[in-house]
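One structure is given below, encoded as structure tokens.
The values are calculated or read from the model by the stated rules, or taken from the named source; none is laboratory data. What you are looking at is a predicted structure, and each value in this text was computed from that prediction instead of being measured. Note that we place each Cβ from the backbone using ideal geometry, even for glycine, and neighbour counts take in every protein chain shown.
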Ligand SMILES: [Zn+2]
Ligand SMILES: [Zn+2]
């Protein structure tokens, strides 16, 4: 499984892209920055877009990604998310005011489909994808993506949730990588809890007391203005990403 981190920041700032993670060149997790990070040819290789939730740092380039796809290709593209996320996009972005409705866009070329992601595992482009409920806003999701050699877990945005860490621990050696959001430094834990995000201390609390994972653990979604503080506070077994990294698991 090839994973390209096009962007993974929790806010927009010069030099930092918001969350878009490309898997095997054709599955995109979140639409925060792919249109500005990828060439048009590579954009047109996307077949599925898995949205974690409707916050703007995760969807802001979706209109422009779809615009590239409409202009270049005839293959179908599916945008997946929870019912809350799909309804939020239809009501607030693709509503004929902020951007054309999907029905209007599809009257030009009927290739883009918005679909509620089912519970359980679905197969997309040879990968098994499972949506994981995330404690952030209603309908927020993380994703577990598997191929024949292993599993990779993406938290999406989430507050402290023992279920997430229990699942990661239960996957044992099959879990190759764990990408987990850490948005704020420890001194902002009250605000992090209020907005349902993690801090390094909350991540540590989630990892402690469970079977130690052999997976590589990466913190992401740091707010750029707090990156130095967050990185200094991360547990020693946790690496971090800021965008531009490429992994093969
Ligand atoms: Zn976010
Ligand atoms: Zn969010």
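Some notes on this structure:
- Test for residue 116: is it more than 16 Å from ligand 1 (Cβ to nearest atom), within 27 Å of residue 159 (Cα to Cα) and touching a helix residue (DSSP H, G or I) at 6+ places or on another chain (Cβ under 9 Å): yes
- Checking the stated criteria, residue 32 turns out to be in contact with a strand residue (DSSP E or B) (Cβ under 6 Å, 6 or more places away or on another chain) and part of a loop (DSSP other than H, G, I, E, B).
- For segment 177-198, the count of residues that are away from ligand 1 (no atom under 15 Å from the Cβ), closer than 22 Å to residue 3 by Cα and within 17 Å of the chain's Cα centre (by Cα) is at least one.
- Test: residue in segment 160-179 that is within 16 Å of ligand 2 (Cβ to nearest atom) and surrounded by fewer than 20 Cβ atoms within 10 Å (Cβ to Cβ): yes
- Listed by position, the helices (runs of 4 or more DSSP H) contained in segment 40-96 that have at least 1 residues being touching a helix residue (DSSP H, G or I) at 6+ places or on another chain (Cβ under 6 Å) are 40-43, 62-72.
- Within segment 195-207, if we keep just the residues that are under 17 Å from residue 133 (Cα atoms) and in a loop (DSSP other than H, G, I, E, B), the residue that is farthest from ligand 2 (Cβ to nearest atom) turns out to be 198.
- Close Cβ contacts (under 6 Å, 6 or more residues apart or on different chains) running from residues in segment 147-162 that are closer than 19 Å to residue 193 by Cα to residues that are at pLDDT 95 or above and assigned to a strand (DSSP E or B) comprise 155/142; 155/180; 155/181; 156/141; 156/142; 157/181.
To keep it simple, each residue is scored yes or no on (1) assigned to a strand (DSSP E or B); (2) closer than 26 Å to residue 27 by Cβ; (3) at pLDDT 95 or above.
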site	(1), (2), (3)
146	yes, yes, yes
156	no, yes, yes
178	yes, yes, yes
190	no, no, yes
193	no, no, yes
218	yes, yes, yes
231	no, no, yes
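- Candidates are the residues of segment 123-144 that are part of a loop (DSSP other than H, G, I, E, B) and more than 16 Å from ligand 1 (Cβ to nearest atom); the one that is nearest to residue 209 (Cα to Cα) is 126.
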